[in-house]
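Trainee: Have a look at the structure that comes next, please.
The values are calculated or read from the model by the stated rules, or taken from the named source; none is laboratory data. Owing to the predicted nature of the structure, the values given are computational and were not obtained by experimental measurement. A quick note on method: Cβ atoms are made from the backbone with ideal geometry, for glycine too, and the neighbour counts reach across all protein chains shown.
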Amino acid sequence: NHRLQLLGFNYDKEALDDIYQRFLILADKKKEVNDDDIRILTGDVFQGEKSLKLELLQVVCGKSTVPVATVGLRINGEIHTSTASGNGPIDAAFTAAKHLISKTVHLEEFLIQAITKGSDDFGKVHIQVENEGKIYYGFGTHTDIVTASVEAFIDAIAKIK
């Protein structure tokens, strides 16, 4: 709780319990947890309070298939969906998400990292988008890298005023 307060986060007991349980799981896998990891763990809890939240993600892709993604976003309490194709599953999902928002964003940076070793472990995605000359950062974690990528993209977009 002390480290969370130093990073600028304040949560009720229920949210702290949730963050702590996920912290323990991550610490067992990773052995060393840094401030970025803590921000991501808290971001998962905070996501429920945001006006923009990923509710649905379905992707179809393959060697001889045009990648297609359907994205469902909860925008101010109401779910909206869009389907788009792209150069890959992540591009298709980002394009579908862009169709649902009223902001023009440009992807400036996209970074994928493995939190721990192994194909079934969490991936961490950092995204930087530009809107009207300002830069916004988003973070996402998930065992599925496409889901983590879209969550990071939505996290960045949600920060645009």
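Trainee: Tell me, yes or no, whether segment 19-30 has at least one residue that is at pLDDT below 90 and touching a strand residue (DSSP E or B) at 6+ places or on another chain (Cβ under 6 Å).
Mentor: No, every residue in segment 19-30 fails to be at pLDDT below 90 and touching a strand residue (DSSP E or B) at 6+ places or on another chain (Cβ under 6 Å).
Trainee: For segment 80-104, what are the residues that are among the hydrophobic types (A, V, I, L, M, F, W, C) and modelled with pLDDT under 95?
Mentor: 101
Trainee: From the list 74, 3, which one is at pLDDT 70 or above, surrounded by 10 or more Cβ atoms within 10 Å (Cβ to Cβ) and touching a Lys or Arg at 6+ places or on another chain (Cβ under 7 Å)?
Mentor: 74
Trainee: Residue by residue through segment 39-63, note down the ones that are assigned to a helix (DSSP H, G or I) and either at pLDDT 75 or above or surrounded by fewer than 12 Cβ atoms within 10 Å (Cβ to Cβ) (or both).
Mentor: 48, 49
Trainee: Taking interchain pairs and intrachain pairs at least six residues apart, which have beta carbon atoms under 8 angstrom, with the first residue in segment 76-102 and closer than 18 Å to residue 127 by Cα and the second in a loop (DSSP other than H, G, I, E, B) and hydrophobic (A, V, I, L, M, F, W, C)?
Mentor: From segment 76-102, the pairs are 98/105.
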